[in-house]
Structure formats: structure tokens, C-alpha cells
Amino acid sequence: MKQKLFVLSMDAMVHEDVAYMMTKPNFRKIMEKRAEVEKVLSVFPAITYPAHTTMMTGCYPGKHGIYNNVPFKDYDDKKKHWYLDSKVIRVEDIFAAAKRAGCTTASVYWPITGNNPNVDYIINEYFFFYRDESPEQAFTKMGADEVAMKAVRDNYEFLPPRVHPEGKSKLGFDPFIMACTCSLIRDAKPDVLLVHNCALDSARHTDGVFGKSVFEALDRTDAWLGDVLAAMTDAGTYEDTNFVILSDHGQMDYEKRIRPNVLLAKGGFLDVAPDGTVYDWQAFAQNNAMSASVYLRDPNNKKLYDKVYAYLQKLVDEKKWGLTKVYTTEEAKEKYGTYGPFSFMLATDGKTSVSEAWTEDAIEILGADEQKPLCGTHGYEPELGPQPVFLAHGPAFKHGAVLENAKLVDIAPTLAAVLGETMPEADGRVLTELLK
Ligand SMILES: [Zn+2]
């Protein structure tokens, strides 16, 4: 039988979780003789969509074109506009390489795979904030065919009741994601299957990086791995499957929240109308969770550029905002391969979360009372904090091979090598040390 590739992204899983997971039966069964990168360097900003796009393309954010979870907007319509359709990605992805290798392909909740022409069975992301469409409409619009829709319909009971009358999940969308994954394994036996699960990321956001609910989410992860193993056993594919568990970024606990747009308004670069809407702006900060990208109305206006640069430098020098560095786009490109239509990136100390709001106070100290417990988030420079993982087991991987460090851009070329393919556009390298 042809070797298969199963990739599970446990969003925000970190190296420190592995020891706990090794006490769990299903994880231990799969990963006891693993090949591993202990610490994988994420991208800047270390945030979900740029990181997942890097994991599937092997390219840095400037090149693949996704440098935030959402496109830039300078208004607040109370809606989330997360990237969904794959056409926004500028380079080739692992699914294209899989097709060259003659593989059947599938994706479940992997970011930005909507209508990807190289994915045979697509179940794209659908969350609470897309509720103006039914799940059926949303999945179909983003490319689900009859096989994928059967998996969706067979598992409505695992959706939250808020989005479907049959739904019973009290744990968000992750039980549905994993149930659909198992259905696809049994019904379609795809050669390449990429899955994205948010349970750990959600737990860290609400309860801190190593809060109690994180361990509950790790326990659930092991139960889901048991379900996947059972599905592969039913499909007769387990022995021939290369099993990869990886993650996109870590998280760090934050103590304060800053609002750079309030500071830009104080500096005279952003005008707020009496009704609280933005009247006009010369500089506007897009929130990357623990960093920000600063856009200029006219990036070619040298006078404006110099004034904003000097103002942002002054904020860093004041040392009270949690800001540690102003990157020019050229510096961010040189160090992290990150560039785009913005002119600057603001880095924080890893204890400061950023809000895009332009009203309220410029800074808010959190964690001082029980109403505002410590929470985790990401989006900082990738060297900071607990690091994401790459764990693999299967016929293509060397038992016990360990690399201390590698980069997120190395993942796609390595997965392509497992399929006997290359990724010519990738910035990363094949991690040959892990492969047989
Ligand atoms: Zn993430």
C-alpha cells in the first residue's frame, strides 16, 4: 500500500506538553518511537494563519502573503473577517505537491484551504461568527464535495447547539472537527490529510499557558488520538500512515493590554469622531495579538514616515507601554521574512497584549483582580516563550531521531519529501535527519 500522511495541528501545543502527553496511552502508542524537533521556530507575528500558511507552503509570511489572521480594515463592524478562501495565498502549497505525487488529499479546519483546487475533500473552517450562514451553506461554499458533506452531515451532533439543532457539543467545534476527520479516514482513506484542532489554544487563551483547563484539553487530545487510531484501524491504514503532530506557535501569559491606536490618536496621527468612529487616519495599527503592524495612509510620504517612526521610537523609549522594538518593514523582512503593505511592526515584551481599539485608555493593567484572570496569547517575536513542536512516527521517519531546533518553514519541504516530492518555492529545508 502507498504510504499515507496524516498531519494534526494541535494549535498552540508546546514542547513542555510532550512529557505530560507521554503519560497518556494513545499518544504514547503513536509517539513512543518518534522523530522529533523539540523546538520549532515560528514566524513573526507568531499567530495562527501566517503560521499555518507557512507550515503548508514552506515560505515566510511576506512571500506567501498572509501576515495576519484577517485582512486590514480601519473600521469596526463587529464582525470577524478571517481568511477562508485559498486564492489569497500567493505560492504553492503541500497539497499541490501531493497531487504531483498522485495522492488523494483532504483537509479539515486547516486555515485558508477553502476552494483549494488541490484538495479533494475540504471541510473548511466554520465557527460561531459565520452564523449568518448554516454549516451546510458555509462548508459547501468553501468547496466541500459530496464525500466531505457526508462526513459533515454524519457528525452534526458534535457541533455546538448554537449552530445546529442536532448539536450537543459543550466543547466548541473540536469534537466535530475530530469526528469529521474519523469519518473521512473511514469513508475516503485520503493519502494526505491535514487537520487543525483549536482545543489547546482556546484553553491557553482563557486559562493561561499552563492553566488547569490546558491539562483537560491535553486529556481530550489523547482521547481524540484514540478515535483517530480506531478509524485508521477500521480503514486498514494505520501501519502505512506517517503520523505527524505539530503546532503553529506557543503562548505567553499577558499582564497588560495596550491600544496603540489610542497612542497614535494622542500623537495626532488618527482622528476619532464624536460618535467613536475613526474620522481619518495617517497611521493605523493592526493588532497581531502581542504585536502590531502599523500602516501609513501614504507610505511614500517621507515626512509622515519619519514623524511616525520617531513617535513609535519614543513610545518604546518610554518603557511603560510594553513595547520593545519598532521594526521597519525592511528590518522585519531581513530578520523574519515578514513584509507587506504596512510600514512598521511593533514588538512587545511577551507580557503585553495589543488591542486595535481607538477609544478607551491607552493601557489597561490585567490580573489585578479576579474579574480579569491571567490569560495567554501569541503573536510576539517567535524566539519568545514556550516553543511549538514537530512530532512524527511512521514508515518514512527514523525512530528516535531528535533535532533540538528547526523552523516552521522546514515543515512543508519535509512533508513533501515524505511524499517523494519537492517544494521549489519553499524558503525552508528538508529535515533529512528525521527521515529514513
Ligand atoms: Zn494558532
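Can you confirm whether Thr338 is under 20 Å from Arg259 (Cα atoms), part of a loop (DSSP other than H, G, I, E, B) and not assigned by TED's automatic domain parsing to the domain that holds Tyr238?
The answer is no for Thr338.
So if I check each of Met21, Met10, Met31, which one is within 14 Å of the ligand (Cβ to nearest atom) and closer than 29 Å to Ala231 by Cα?
Just one listed residue meets the conditions, Met10.
In region 185-223, what residues are over 20 Å from Val18 (Cα atoms) and out of contact with any strand residue (DSSP E or B) (no Cβ under 6 Å at 6 or more places or on another chain)?
So in region 185-223, the residues over 20 Å from Val18 (Cα atoms) come out as 185-194, 206.
Listed by number, the residues that qualify are Ile185, Arg186, Asp187, Lys189, Thr206.
Determine, yes or no, whether Ile112 is touching a helix residue (DSSP H, G or I) at 6+ places or on another chain (Cβ under 7 Å) and free of Cβ contacts under 8 Å to residues at least 40 places away in the same chain.
For Ile112, the condition - touching a helix residue (DSSP H, G or I) at 6+ places or on another chain (Cβ under 7 Å) and free of Cβ contacts under 8 Å to residues at least 40 places away in the same chain - is not met.
Give just the number: which of (1) under 26 Å from the mean Cα position of the chain (by Cα); (2) surrounded by 23 or more Cβ atoms within 10 Å (Cβ to Cβ); (3) more than 16 Å from the ligand (Cβ to nearest atom) does Leu264 not satisfy?
Leu264 satisfies all of (1) under 26 Å from the mean Cα position of the chain (by Cα); (2) surrounded by 23 or more Cβ atoms within 10 Å (Cβ to Cβ); (3) more than 16 Å from the ligand (Cβ to nearest atom) except (1).
Pick out the one residue from Ala417, Ala426, Ala357 that is surrounded by fewer than 21 Cβ atoms within 10 Å (Cβ to Cβ) and more than 30 Å from Lys319 (Cα to Cα).
Ala417
Please pick out the residue among Gly394, Gly428 that is modelled with pLDDT of 95 or more, farther than 20 Å from Tyr60 by Cβ and of a type outside the set (Lys, Arg).
Testing whether each residue is modelled with pLDDT of 95 or more, farther than 20 Å from Tyr60 by Cβ and of a type outside the set (Lys, Arg) leaves just Gly394.
Looking at the structure I just gave you, is Ile123 under 19 Å from the mean Cα position of the chain (by Cα), crowded, with 22+ Cβ neighbours inside 10 Å and closer than 23 Å to Asp427 by Cα?
no
Which of (1) farther than 30 Å from Thr57 by Cβ; (2) assigned to a loop (DSSP other than H, G, I, E, B) does Glu157 not meet, given it meets every other one?
Unmet for Glu157, out of (1) farther than 30 Å from Thr57 by Cβ; (2) assigned to a loop (DSSP other than H, G, I, E, B): (2).
I need the full set of residues from region 390-408 which are buried (at least 23 other Cβ atoms within 10 Å of the Cβ) and under 23 Å from the mean Cα position of the chain (by Cα), in order please.
Scanning region 390-408 gives Phe390, Leu391, Ala392, Leu408.
Scanning region 219-252 for residues that are more than 30 Å from Lys2 (Cβ to Cβ) and away from the ligand (no atom under 16 Å from the Cβ), which turns out surrounded by the most Cβ atoms within 10 Å (Cβ to Cβ)?
Arg220
Could you say which residue among Thr377, Thr328, Thr352 is within 16 Å of the ligand (Cβ to nearest atom) and touching a residue at least 12 places away in the same chain (Cβ under 8 Å)?
None of the other options fit; the residue is Thr377.
When you look at Tyr309, is it modelled with pLDDT of 95 or more, under 22 Å from Pro45 (Cα atoms) and part of a strand (DSSP E or B), yes or no?
Numbers: modelled with pLDDT of 95 or more: yes; under 22 Å from Pro45 (Cα atoms): yes; part of a strand (DSSP E or B): no.
Considered against the rule, which asks whether it is modelled with pLDDT of 95 or more, under 22 Å from Pro45 (Cα atoms) and part of a strand (DSSP E or B), Tyr309 comes out as no.
The values are calculated or read from the model by the stated rules, or taken from the named source; none is laboratory data. Worth saying up front: this structure is predicted, and the values here are computed from it rather than measured. Cβ: placed from backbone, ideal geometry, glycine included. Neighbour counts: every protein chain shown.
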